[in-house]
Amino acid sequence: LAEARRGHPNSLTVAAGDLMGASPLLSGAFHDEPSIEALNALKLDVSAVGNHEFDEGFVELQRMADGGCIDDGDGANNQNSCPDGSFEGADFDYLAANVFRKGTDETILPAYSIETVKRAKIAFIGMTLEDTPDIVTASGVEGLDFRDEVETANALVPELQAQGVNAIVVLIHQGGSPDQETWYHDGTAYRVNPSYDVTCSENGSLKADSPIIPIAQGLDPAIDMIVSGHTHQPYICNIPDSEGNDRMVTSASSFGRLYTDTTLTYNLRTNDIERTSVASENVLVTRDVRKDKVETELIAKYKTLVAPIASEVIGEITTDVTRTPPAGGSGESQLGDLIADAQLAHTSVVGSYPPPVLALMNPGGV
């Protein structure tokens, strides 16, 4: 990102959610405070929330945004909030336009952020998918209403325009899936998964049932661009708005493999983005660049702090337990079975209910 910004002072860095949760021990052991600190260090400006931001409930999400510590017993249950005494929260704006306290019109986080680059003002509306309650544990979304993405964003357009802001970008944790591509080898056609730089302008396309398509088609034509996520797929596509004008929709895969480099022209007379000027490409994140000093120091700090947790012996195995499925099998693996057995046996799952008789583990979760 530092290289991408070089020579481009009028730039912003934005994201579309799932920036924490389901994280490695190095972050999870500290309630994902390290993830937020890492995002601060890479100079993130704005992000929507995704479904994983609700893994531990909205109060914890608000703490990630605003800062503060949890009194968690200094390492009880293998977690330790604020190991060095403080947590400042996100330097960037975390947005949740379509997430409301149940029975109210009060959002749990700001609905939008207006960023100023010299004389240019650009509004970012941030949302998670309306179906978040279907994919997050019930306790994580308790007390919340998740509203329709299109209705939410469109209702905010006149509010932003009343402030003189005509340049509007939607950051949304919902996305699409590209169709397979046809590649040829020795004259034979093969249907393969799309490449990282797939674009709808060069023979690429999104599957017709992609959730982002009706959302993009329904968003107000005043919205200039859509940055999407959730499906872990790479694509750069124009999806026409309700007036038939092309509108850029991007997605940068997942896990930091790519970033999307978008350039655009801002018209200071109309205070708006020139829609026809918007150009995007997905760029590979490679490992042949010099390590970032601040991020490297952050990783080293938490590696030291996590050592007592990571080195605690909780059991022994006499042979490797792998996630490799047997040949011709159903995808079941030894490690998946072990995790499911551990979930079934753990005392935390009993509570006021009878002991469970079944536990399930998905291969992706392994």
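Nonpolar atom fraction for region 32-166, defined as the carbon and sulfur part of the 1.4 Å probe accessible area, stands at 44 percent. Globularity index of region 124-277 is 1.16 (Cα radius of gyration / 2.2 N^0.38 Å, N = number of residues).
For the chain, modelled as a GNM with alpha-carbon contacts under 10 angstrom, which of GLY175, GLY89, GLY329 fluctuates the most? Sorting by GNM fluctuation, first place goes to GLY329.
Here the Gaussian network model covers the chain, with springs between Cα atoms less than 10 Å apart; of ARG257, ARG191, ARG63, ARG191 fluctuates the most.
Each of ALA76, GLY218, ALA279 was scored by the projection of its Cα onto the charge dipole of the chain, and the greatest displacement toward the positive side belongs to ALA279; charges sit on the C-beta of Lys, Arg, Asp and Glu. Simple point charges give the picture: +1 on the Cβ of Lys and Arg, -1 on the Cβ of Asp and Glu, and for the chain a dipole about the Cα centre of about 960 debye. At a probe radius of 1.4 angstrom, the accessible area of the chain per residue rounds to 56 square angstrom. Placing unit charges on each Cβ (+1 for Lys and Arg, -1 for Asp and Glu) gives region 278-366 a dipole about its Cα centre, and among ALA327, LEU344, VAL366 the Cα reaching farthest toward its positive end belongs to VAL366.
Scaling against 2.2 N^0.38 Å puts the C-alpha radius of gyration of region 212-366 at 1.61. Indicate the gyration tensor shape class of region 85-129 (rounded, prolate or oblate), computed on the Cα atoms with a ≥ b ≥ c the square roots of the eigenvalues: a/c under 1.5 is rounded; otherwise a/b larger than b/c is prolate and the rest oblate. Oblate shape, in that a/c is at least 1.5 and b/c is the bigger or equal ratio. Normalised radius of gyration (Cα atoms, divided by 2.2 N^0.38 Å) for region 1-94: 1.14.
Contact order, relative form, for the chain: 12 percent (alpha carbon pairs under 8 Å, 6 or more residues apart, mean separation divided by residue count). The mean sequence distance of close C-alpha pairs (under 8 Å, at least 6 residues apart), as a share of the length of region 187-257, puts its relative contact order at 31 percent.
Considering region 305-366, its Cα convex hull presents a mean projected area of 6.4 nm². Taking the Cα centre of region 38-77 as reference, the dipole from Cβ charges on Lys and Arg (+1) and Asp and Glu (-1) amounts to some 240 debye. Comparing mean-square fluctuations of VAL278, VAL170, VAL227 from a GNM of the chain with C-alpha springs under 10 Å, the top value falls on VAL278. Could you tell me which label, among (1) 68, 59, 47; (2) 141, 50, 36; (3) 69, 62, 42, carries the value of Cα extents along the principal axes in Å calculated for this structure? Recomputing Cα extents along the principal axes in Å here picks out (1).
Taking the chain, each Cys residue has a second Cys beta-carbon under 4.7 angstrom.
Express the carbon and sulfur contribution to the solvent-accessible surface of region 213-366 as a percent, rounded to the nearest whole number, probe 1.4 angstrom. Summing carbon and sulfur atoms, their accessible area is 55 percent of the total for region 213-366. Taking 4 °C and 1.567 mPa s as conditions, region 55-139 diffuses translationally at an estimated 85 µm²/s according to Stokes-Einstein applied to its Kirkwood radius (Cα pairs).
In a reduced charge model with +1 at each Lys and Arg Cβ and -1 at each Asp and Glu Cβ, region 231-322 shows a dipole moment near 300 debye about its Cα centre. Put the Cα centre of region 28-74 next to the Cα centre of region 98-166 and the gap is 18 Å.
The values are calculated or read from the model by the stated rules, or taken from the named source; none is laboratory data. Keep in mind it's a predicted model, so treat the numbers as computed, not measured. Cβ sites come from the backbone with ideal geometry, for glycine too, and all protein chains shown count toward neighbours. For accessibility, only protein heavy atoms count, side chains too; no ligands or nucleic acids. Shrake-Rupley method; radii C 1.70, N 1.55, O 1.52, S 1.80 Å.
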